[in-house]
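What follows is a set of notes on a single structure, which appears directly below.
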Amino acid sequence: MTNMDSKVIKPGATMGILGGGQLGRMIALAGRAMGYRFVTMDPTEDAPCAQTADRQIVANYDDVEAAMQLASVSDVISYEFENVDAQVAEVLESQAYVPQGSRLLRITQNRIREKTAIREMGIPVAPFCVVNSFEDLQAAVQELGLPAVMKTATGGYDGKGQWVLKREAELKEAYETLAKAGTELIVEQFVPFQMELSVIAARNPAGELAVFPTAENIHQDNILHLSIVPARVSDEVKAQAEEMARTIVEKLDVVGLIAVELFLTADNQLYVNELAPRPHNSGHYTMDACVTSQFEQHVRAVCNLPLGSTELLSPVVMVNILGEHLQPVLDRIDKLPRSAKLHLYGKAESKAKRKMGHINVLAPTVEEALTRIEELEIWTNKTEVSS
């Protein structure tokens, strides 16, 4: 461990954030309460993070000159947007203190590298094949069987950049559609999961590690709808999920946060689906239900402060507010339960399927929290809410 690795960035210092979305906004809100200053770099003027930072550098993520400007005014740099241009990451590391480093970015930006790294740790992932041609896809389907999931190796989120393959007749269309991205493709065997889980873990440069409670996640249209904590699984499954997260954090030398998304099968087997090296949508419940929020923990970890307690103070359900839900939420604001905490992201334009905010509903049990969400009648697909 070098001296650079072990230095502490104390309150009063300036943190540069690459990316100006809602995750950066909530990092800055948590960090400002601790006495830090913030500068964000994002191409959208008045981005959500810019509204809580001291300053915004308006520039594209591949703008090397802007990145150097960010470095010149920052004591430490973090990111809330992991698809950072490799050249920019290189410049930032050479010109500034970036404790998260670029190695983790390089691995998690590419699904092939990510799944290979996890598999090499002895942690289960769905069997997969790399696809560079239509013939490769045919061979992969022959090996893995159908259904299978084809994804672009880079980019894509909230279900974008992927195709669930169910019949051989659709292989050609699926390949031609995803190949337009101009990146390698990966085909994964479909995991018949019963539930999706996630665990968020933190580590600072001194090597201290902390893990948040396991969340149970329910998606609609490939977008996270609910995070339920405590997850409705056995203590053994929770312990195994959290141990997997610890192993990944240690093996990858993570600094800051990493979210580990998992599939749970009917026979209680866990498979890692994806990693995200930053605060995560499924960790928003921590803002109101844990001693330390994931955003405060991120600041603590990146700045090499002692990590905060991850103790869960109350059962909680986090529900996302998408563009189509925003006005109903505002119309029913007087109907929100007293134990509901509303968080809006300050985005200029409300669009369908766009994440505009979230609500954390605290209650004596998660079943009661789910009932309170259902009674608001904002999220109309009630079968998903109560599942």
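The values are calculated or read from the model by the stated rules, or taken from the named source; none is laboratory data. Please read all numbers here as calculations on a predicted model, not as lab measurements. With ideal geometry, Cβ positions are generated from the backbone for all residues, glycine too; neighbour counts draw on all protein chains shown. With ligands, DNA and RNA removed, areas are computed over all heavy atoms of the protein, side chains included. Shrake-Rupley method; radii C 1.70, N 1.55, O 1.52, S 1.80 Å.
A few remarks follow.
- With respect to the conditions (1) crowded, with 23+ Cβ neighbours inside 10 Å; (2) not in a loop (DSSP other than H, G, I, E, B), Tyr271 lacks only one, and its number is (1).
- Odd one out for Leu370 among (1) open to solvent by 30 Å² or more (accessible area, probe 1.4 Å); (2) in a helix (DSSP H, G or I); (3) farther than 22 Å from Cys49 by Cβ: (1)
- In the set (1) hydroxyl-bearing (Ser, Thr, Tyr); (2) touching a residue at least 40 places away in the same chain (Cβ under 8 Å); (3) part of a loop (DSSP other than H, G, I, E, B), the condition left unmet by Ser198 is number (3).
- Residue count for the stretch 171-198 satisfying the condition of being of a type in the set (Asp, Glu), more than 30 Å from Leu226 (Cβ to Cβ) and in contact with a strand residue (DSSP E or B) (Cβ under 8 Å, 6 or more places away or on another chain): 1.
- In the set Glu170, Glu143, only one residue is open to solvent by 60 Å² or more (accessible area, probe 1.4 Å) and either at pLDDT below 95 or charged (D, E, K, R) (or both); that residue is Glu143.
- Of all residues in the stretch 256-268, those being within 30 Å of Ser6 (Cα to Cα) and open to solvent by 10 Å² or more (accessible area, probe 1.4 Å) number 1.
- Test result for Ser293, within 20 Å of Phe81 (Cβ to Cβ), of a type in the set (S, T, N, Q) and open to solvent by 10 Å² or more (accessible area, probe 1.4 Å): yes
- Filtered by the rule that a residue be open to solvent by less than 10 Å² (accessible area, probe 1.4 Å) and not in a helix (DSSP H, G or I), the stretch 224-251 gives His225, Leu226, Ser227, Ile228, Val229, Ala231.
- Among the residues of the stretch 17-38, the ones that are open to solvent by 10 Å² or more (accessible area, probe 1.4 Å) and assigned to a strand (DSSP E or B) come to 1 in all.
- Residue within the stretch 208-218 that is farther than 30 Å from Ala289 by Cα, touching a strand residue (DSSP E or B) at 6+ places or on another chain (Cβ under 6 Å) and not polar (S, T, N, Q) present: no
- Within the stretch 322-354, if we keep just the residues that are among the hydrophobic types (A, V, I, L, M, F, W, C) and without any contact (Cβ under 8 Å) to a residue 40 or more places away in the chain, the residue that is surrounded by the most Cβ atoms within 10 Å (Cβ to Cβ) turns out to be Ala340.
- Residues being free of Cβ contacts under 8 Å to residues at least 40 places away in the same chain and assigned to a helix (DSSP H, G or I) - total across the stretch 62-87: 8
- Of all residues in the stretch 81-124, exactly one satisfies the criterion of being open to solvent by less than 20 Å² (accessible area, probe 1.4 Å) and among the acidic types (Asp, Glu), namely Glu114.
- Any pair with Cβ under 8 angstrom, 6 or more apart, that starts in the stretch 6-24 at a residue that is within 22 Å of Ser102 (Cα to Cα) and touching a residue at least 12 places away in the same chain (Cβ under 8 Å) and ends at one that is among the polar types (S, T, N, Q) and open to solvent by 50 Å² or more (accessible area, probe 1.4 Å): Gly20/Thr44
- Subset of the stretch 45-62 (residues that are in contact with a strand residue (DSSP E or B) (Cβ under 8 Å, 6 or more places away or on another chain) and more than 17 Å from Ala13 (Cα to Cα)): Glu45, Asp46, Ala47, Cys49, Ala50, Ile57, Val58, Ala59, Tyr61
- Screening Glu135 against (1) surrounded by 15 or more Cβ atoms within 10 Å (Cβ to Cβ); (2) out of contact with any helix residue (DSSP H, G or I) (no Cβ under 6 Å at 6 or more places or on another chain) leaves a single unmet condition, (1).
- The stretch 204-223: number of residues that are acidic (Asp, Glu) and not in a loop (DSSP other than H, G, I, E, B): 1
- Counted residues, the stretch 64-80 - those being surrounded by 16 or more Cβ atoms within 10 Å (Cβ to Cβ), at pLDDT 95 or above and acidic (Asp, Glu): 1
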